[in-house]
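The values are calculated or read from the model by the stated rules, or taken from the named source; none is laboratory data. What you see is a predicted model, and the numbers here were worked out from it, not measured in a lab. Neighbour counts run over all protein chains shown; Cβ positions are idealised from the backbone, glycine included. Surface accessibility is based on the protein's heavy atoms, side chains included, excluding ligands, DNA and RNA. Shrake-Rupley method; radii C 1.70, N 1.55, O 1.52, S 1.80 Å.
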Amino acid sequence: MDVALAGERARAFDGERRRRIEERRRREEDRRRARAAEHASRLAAERERLSDRLIVLARRTDALAGLRVTGTAEDERQGVLRTLAVLGTRLARVANQADADGVHLDLVAAARRLEAVRAGLAAVLAEDERVAALDLVHTRLDEWDDRVALDPDGAQAVADQLAAVRAGVADTRTFRFGYARLNDLVGEHLTQVARRTALLAEARDSAQEAADSLAAILTEADALAVELPGRADAQEIRDLLAAHLAAGRFREAAHGAVRLAGSAPSLEKALEEHLDHRELTRHITEAAAGAGLPVVEVVPEARAARLAYLGDLTAEMLSALRAQDVEPGSPQ
């Protein structure tokens, strides 16, 4: 016999489901606020870090004024100073990570322009000044902790060129052309690293959000002793995503974050269906016991259920089921 909840039982069933869903959404909103606070803190730290880099670059630009910079080179140096002033204004107004990433890329470009001025001065730089210029290249590179992992080919090309220029530092022509090429390679490399750093950070944020949602569903399922279909697949995606993030594989990480985010809703749906079935079984079983059915087996399906029992279903039992807000349907 097919039966469905009615009256007060149906309203209680709906209320239980609504409370579960509202509580789940409340916890998700709490996580969202926590993530927003974390993002704000990280953005403030990033703004401070970029401000420090801007100050260092301004000092390097000022220092070039003492190296007999004239004509076009001086115009370019002054242009870099103006660019840095604009970037300082933009930095003060940074409101999100995309703004910070844009300033970061423009700082890399400004540093490349500045070193192009230094390359043009190769003929008038003393050998110790050339060595100091190469040391500055090292300083620029050391500002990026993950650059080798994020752009291994570019890092190797820079390292090879830097070694070659250092070996020929005593020869004016070799240094001039070698340093110019080195500056181009460093600029291309650091631009690539900056872009990939931004992409990896975005993937990491998406992955964290998806992982938090997944963990919340799995924690709730564990607390209720519910085994969810698809759980092992979701955990495999999560573990692979963590490996991609650790290795700096930003494309794979971005794809993995999307896949992980897609797994949580299906698991939540499976959990909710299981809990619906559990509650439906409880209500039907209580009603069946109250109606005097001696042996009861309930097979729940959403709002309706199949009720099996031993013995004859009497009119009195049907009436007793209805009295307890369970509405019998037609047998199938």
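Things to note:
- Residue match in segment 100-121 (condition: assigned to a helix (DSSP H, G or I) and exposed (fewer than 12 other Cβ atoms within 10 Å of the Cβ)): no
- Count - residues of segment 210-250 that are closer than 18 Å to R278 by Cα and among the aliphatic types (A, V, I, L, M): 8
- Hits in segment 251-261 (condition: out of contact with any Ser or Thr (no Cβ under 8 Å at 6 or more places or on another chain) and farther than 30 Å from D276 by Cβ): R251, E252, A253, H255, G256
- None of D160, D153, D146, D171 is touching a Ser or Thr at 6+ places or on another chain (Cβ under 8 Å), open to solvent by 70 Å² or more (accessible area, probe 1.4 Å) and not assigned by the TED database to the domain that holds R278 except D146.
- Within segment 174-183, the set of residues being free of Cβ contacts under 8 Å to residues at least 40 places away in the same chain and either of a type in the set (V, I, T) or surrounded by 17 or more Cβ atoms within 10 Å (Cβ to Cβ) (or both) comprises T174, G178.
- Taken over segment 1-46, the criterion of being open to solvent by 80 Å² or more (accessible area, probe 1.4 Å) and more than 22 Å from S213 (Cα to Cα) is satisfied by E8, R11.
- A95 meets each of the listed conditions (1) open to solvent by less than 30 Å² (accessible area, probe 1.4 Å); (2) not in a helix (DSSP H, G or I) apart from (1).
- Inter-residue pairs, beta-carbon under 7 Å, first at positive phi and in segment 239-252, second surrounded by 19 or more Cβ atoms within 10 Å (Cβ to Cβ), 6+ apart: G248/L150; G248/L200
The rows are residues; the columns are (1) closer than 15 Å to A12 by Cβ; (2) among the acidic types (D, E); (3) outside the structural domain of A232 (by the TED database).
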residue	(1), (2), (3)
G262	no, no, no
L267	no, no, no
L271	no, no, no
T285	yes, no, no
A308	no, no, yes
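- Among the candidates D276, D233, D239, residue that is surrounded by fewer than 20 Cβ atoms within 10 Å (Cβ to Cβ) and either of a type in the set (F, W, Y) or closer than 30 Å to L5 by Cα (or both): D276
- All positions within segment 125-143 that are open to solvent by less than 70 Å² (accessible area, probe 1.4 Å) and over 30 Å from F250 (Cα atoms): L125, A126, E129, R130, V131, A132, A133, L134
- In segment 281-305, residue most open to solvent (accessible area, probe 1.4 Å) [restricted to those that are more than 52 Å from the chain's Cα centre (by Cα) and over 11 Å from M1 (Cβ atoms)]: P294
- Residue match in segment 53-63 (condition: farther than 30 Å from A198 by Cα, open to solvent by 50 Å² or more (accessible area, probe 1.4 Å) and not assigned by the TED database to the domain that holds L271): yes
- Segment 306-317, residues that are open to solvent by less than 60 Å² (accessible area, probe 1.4 Å) and under 56 Å from the mean Cα position of the chain (by Cα): L307, A308, Y309
- Residue identified as part of a helix (DSSP H, G or I), more than 31 Å from the chain's Cα centre (by Cα) and under 29 Å from H104 (Cβ atoms) among G154, G178: G178
- Listed conditions (1) of a type in the set (D, E); (2) open to solvent by 50 Å² or more (accessible area, probe 1.4 Å); (3) within 15 Å of the chain's Cα centre (by Cα) are all met by D212, apart from (2).
- Matching residues, segment 263-301, being outside any helix (DSSP H, G or I) and within 19 Å of E316 (Cα to Cα): A291, G292, L293, P294, V295, V296
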